[in-house]
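K.L.:
Dumping the structure here so I can ask a few things about it.
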Amino acid sequence: MGNNVVYSELGEQVAKNVADFARKHIIPFYKEWDELEVFPRELFKKMGELGFMGMLIPEKYGGASMGYYEYVSMLIELAKVCSGVALSVAAHNSLCTQHIYQFGTEEQRAKYLPQLTNGDWIGAWALTEPTTGSDASNMKTVATKIGDKWEINGTKCWITHGKSSEVAVVLCRTAEPRTANNVTAFIVERNTPGLKAGKKEHKLGVRASETAEMIFEHCVVSDTQRLGQIGTGFHQAMKILEGGRISIAALSVGCAKGAYECALNYAKERAQFDQLIGNFQAISFKLADMVLKINGSELLILQSCNSKIKQSNNINLHSAMAKYFASETAVYVSNEAMQILGGNGYSKEYPVEKYLRDARITTIGEGTSEIQKLVISREILQ
Ligand SMILES: Cc1cc2nc3c(=O)[nH]c(=O)nc-3n(C[C@H](O)[C@H](O)[C@H](O)COP(=O)(O)OP(=O)(O)OC[C@H]3O[C@@H](n4cnc5c(N)ncnc54)[C@H](O)[C@@H]3O)c2cc1C
């Protein structure tokens, strides 16, 4: 495209490897997964073998030992092809696996990370509930201490891999009142009695990514499954979402790039009134705005990666800015791409309608655009 931001040389190599992988294992199948809402479980095993399922985890625990530049390069490339697959990879890597790595004990890391990084196990991360989304610290799922065990009761919803994950990090209230300081995180394995999967969501987009409820009824876990100190779970979750926002920003850019490239090619081939539609300023200026916003998103992602790597105090601000701008860009670009393709854009013969459907989640998941503006405004006013 000529305007690609290079995150790192290694990131370039990773992107090339992902593109090769996608040509063989995703491109031939993604339409069917989307149409039939298939979660392609086997694909994640294959991606585990290539290191995609433990990108940010040290080799010691079976991970690929890479950094944020390489991680975002992978997600952009995956989302160019299928944002559903990219969303599942992002949730597995930056939510569940990162949470266990950042806040787990050595025993917890050694027990769970090797299986998560090699793709044998898929991870989930359960914060959202039916009555608490943006207002997550107000959660109703409780964990009650009984001897050296905890009993979890409540329902989590909209959980990526809520049915198919082998392990989940679950955020629970462990004291009253319902404030951010009374939340604790637990690792819950799928076969724990009292945990069952609820309804699977039927979604507009990212349909290859499974989303489902998780229901906890007298679900008992040992105190050794607790992540960090009692009462620190919500603060852990907010730290995890800093990385999560960078990954959704990267997914957004991949989705936007896919739609933009499709529209650019179309504008160079489609003729009306005896000339290519790309010659009409109405179309070429759309393409200019699209590429500008994509490039701007990538620079914000680069800035947030730098802040994350340096553990700068600005990470909250920068990751919220990147997520907000890139996700709104994904929606804008895929919508404009549909306009450029005209009737063909509205047809399933072309991938643009899928980019638009997939883009729509990015301004909602892992903090809506309104919540990102709240974070940004609080950061600049403090
Ligand atoms: C495909 C998908 C996958 C997901 N995966 C996961 C997952 O793996 N784990 C998980 O825990 N969650 C997951 N979620 C949940 C997601 O994070 C929430 O949907 C999101 O945080 C928004 O919460 P909500 O849907 O309850 O909306 P609400 O919080 O009810 O918001 C509704 C509207 O009100 C606005 N609003 C709310 N509060 C404010 C405010 N203070 N100021 C201004 N506007 C406000 C919002 O911006 C939004 O426009 C997923 C969601 C989807 C759709």
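K.L.:
For the subset of the range 106-132 comprising residues that are touching a strand residue (DSSP E or B) at 6+ places or on another chain (Cβ under 8 Å) and under 13 Å from LEU171 (Cβ atoms), which member is most open to solvent (accessible area, probe 1.4 Å)?
P.N.:
My answer is THR128.
K.L.:
A further question on this structure: I'd like to know if the range 141-162 contains one or more residues that are surrounded by 19 or more Cβ atoms within 10 Å (Cβ to Cβ), near the ligand (Cβ under 8 Å from one of its atoms) and in a loop (DSSP other than H, G, I, E, B).
P.N.:
Within the range 141-162, one or more residues are surrounded by 19 or more Cβ atoms within 10 Å (Cβ to Cβ), near the ligand (Cβ under 8 Å from one of its atoms) and in a loop (DSSP other than H, G, I, E, B).
K.L.:
Determine, yes or no, whether SER165 is near the ligand (Cβ under 10 Å from one of its atoms), farther than 30 Å from ILE26 by Cβ and assigned to a loop (DSSP other than H, G, I, E, B).
P.N.:
Considered against the rule, which asks whether it is near the ligand (Cβ under 10 Å from one of its atoms), farther than 30 Å from ILE26 by Cβ and assigned to a loop (DSSP other than H, G, I, E, B), SER165 comes out as no.
K.L.:
For residues in the range 354-375 being open to solvent by 40 Å² or more (accessible area, probe 1.4 Å) and closer than 19 Å to LYS80 by Cβ, which is nearest to the ligand (Cβ to nearest atom)?
P.N.:
ILE361
K.L.:
Which of the residues that make up the range 6-21 are open to solvent by less than 30 Å² (accessible area, probe 1.4 Å), out of contact with any Leu (no Cβ under 7 Å at 6 or more places or on another chain) and outside any loop (DSSP other than H, G, I, E, B)?
P.N.:
Within the range 6-21, GLY11, VAL14, ALA15, ALA19 qualify.
K.L.:
VAL253 - would you say it is in contact (Cβ under 8 Å) with a residue 60 or more places away in the chain and not assigned by TED's automatic domain parsing to the domain that holds GLN372?
P.N.:
It is false that VAL253 is in contact (Cβ under 8 Å) with a residue 60 or more places away in the chain and not assigned by TED's automatic domain parsing to the domain that holds GLN372.
K.L.:
Tally up the residues in the range 81-122 that are near the ligand (Cβ under 10 Å from one of its atoms) and under 19 Å from GLU166 (Cβ atoms), please.
P.N.:
Summing the residues that are near the ligand (Cβ under 10 Å from one of its atoms) and under 19 Å from GLU166 (Cβ atoms) in the range 81-122 gives 7.
K.L.:
Mind listing just one residue for me: the one in the range 25-39 that is assigned to a loop (DSSP other than H, G, I, E, B) and free of Cβ contacts under 8 Å to residues at least 40 places away in the same chain and, of those, surrounded by the fewest Cβ atoms within 10 Å (Cβ to Cβ)?
P.N.:
PRO28
K.L.:
One residue is enough: does the range 29-37 have a residue meeting the conditions under 30 Å from ILE230 (Cβ atoms) and within 16 Å of the ligand (Cβ to nearest atom)?
P.N.:
No, the conditions are met nowhere in the range 29-37.
K.L.:
Can you pull out every residue in the range 189-207 that is under 18 Å from LEU171 (Cα atoms), touching a residue at least 40 places away in the same chain (Cβ under 8 Å) and of a type in the set (Val, Ile, Thr)?
P.N.:
Across the range 189-207, there are no qualifying residues.
K.L.:
Hey, another quick one. Go through the range 1-32 and give me each residue that's of a type in the set (A, V, I, L, M, F, W, C) and within 28 Å of LEU299 (Cβ to Cβ).
P.N.:
Within the range 1-32, MET1, VAL5, VAL6, LEU10, VAL14, ALA15, VAL18, ALA19, PHE21, ALA22, ILE26 qualify.
K.L.:
Restricting to the range 191-212, name every residue that is out of contact with any Gly (no Cβ under 8 Å at 6 or more places or on another chain), open to solvent by less than 50 Å² (accessible area, probe 1.4 Å) and within 14 Å of the ligand (Cβ to nearest atom).
P.N.:
Of everything in the range 191-212, those that are out of contact with any Gly (no Cβ under 8 Å at 6 or more places or on another chain), open to solvent by less than 50 Å² (accessible area, probe 1.4 Å) and within 14 Å of the ligand (Cβ to nearest atom) turn out to be GLU201, LYS203.
K.L.:
Select, from VAL183, VAL170, the only residue that is outside the structural domain of ILE240 (by TED's automatic domain parsing), touching a His at 6+ places or on another chain (Cβ under 9 Å) and modelled with pLDDT of 95 or more.
P.N.:
Criteria check complete, one pass: VAL183.
K.L.:
Turning to a different aspect of this structure: Cβ-Cβ below 9 Å, separation at least six or inter-chain, first residue in the range 1-21 and farther than 15 Å from ALA250 by Cα and among the hydrophobic types (A, V, I, L, M, F, W, C), second at pLDDT 95 or above and part of a loop (DSSP other than H, G, I, E, B): which pairs?
P.N.:
LEU10/MET66; LEU10/GLY67; PHE21/LEU50
K.L.:
Scanning for something within 13 Å of the ligand (Cβ to nearest atom) and open to solvent by 50 Å² or more (accessible area, probe 1.4 Å), does the range 304-321 turn up at least one residue?
P.N.:
No, the range 304-321 contains no residue that is within 13 Å of the ligand (Cβ to nearest atom) and open to solvent by 50 Å² or more (accessible area, probe 1.4 Å).
K.L.:
Same structure, new question: Consider ALA180 against the criteria (1) within 16 Å of the ligand (Cβ to nearest atom); (2) more than 19 Å from ASN93 (Cβ to Cβ); (3) buried (at least 18 other Cβ atoms within 10 Å of the Cβ); (4) not β-branched (Val, Ile, Thr): it satisfies all of them except one. Which criterion is unmet?
P.N.:
(3)
The values are calculated or read from the model by the stated rules, or taken from the named source; none is laboratory data. Since the model is a prediction, treat every value here as computed from it, not as a measurement. FYI the Cβ positions are ideal-geometry reconstructions off the backbone, even for glycines, and counts take in every protein chain you see. For the accessible areas, the whole protein counts, side chains as well, though only heavy atoms, and no ligand, DNA or RNA atoms are used. Shrake-Rupley method; radii C 1.70, N 1.55, O 1.52, S 1.80 Å.
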